[in-house]
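Contents: one structure, followed by commentary.
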Amino acid sequence: MSPPPQSSTSSNATYGPSTSSTGAPINPITGIAQQPATVPDMTDEEKEKEAEKLFVLFDRLERSGAIQPDQNPIRKAVEQGKLG
């Protein structure tokens, strides 16, 4: 497949606007205005739990052979002194 041929007078306007009337960007695939994602604030306890989950997941990936020990970002952070 190839894109449709472009004439010398064509522009992105022929494909529709890139922002909605409110200024929100329009997803070019779905054609729906995208709303900014709202990320809820996390408590320190929630952040700690999520960090522990990531540690376990990366450890499993390393033990199963899916990633090499030198590719494990948790191990790299410990070696660089970024984690305690």
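The values are calculated or read from the model by the stated rules, or taken from the named source; none is laboratory data. All values derive from a computational prediction rather than experimental measurement. Note: ideal-geometry Cβ built from the backbone for every residue, glycine included; neighbour counts use all protein chains shown.
For the reader, a short list of remarks on this structure follows.
- Matching residues, region 28-66, being assigned to a loop (DSSP other than H, G, I, E, B), more than 19 Å from the chain's Cα centre (by Cα) and either over 30 Å from residue 18 (Cβ atoms) or not assigned by TED's automatic domain parsing to the domain that holds residue 18 (or both): 43, 65, 66
- Those residues of region 70-84 which are of a type in the set (A, V, I, L, M) and outside any loop (DSSP other than H, G, I, E, B), in sequence order: 74, 77, 78
- Enumeration of residues in region 57-84 that are in contact (Cβ under 8 Å) with a residue 12 or more places away in the chain and exposed (fewer than 13 other Cβ atoms within 10 Å of the Cβ): 73
- Total residues in region 67-84 satisfying the condition of being more than 14 Å from residue 57 (Cα to Cα) and within 22 Å of the chain's Cα centre (by Cα): the figure is 2.
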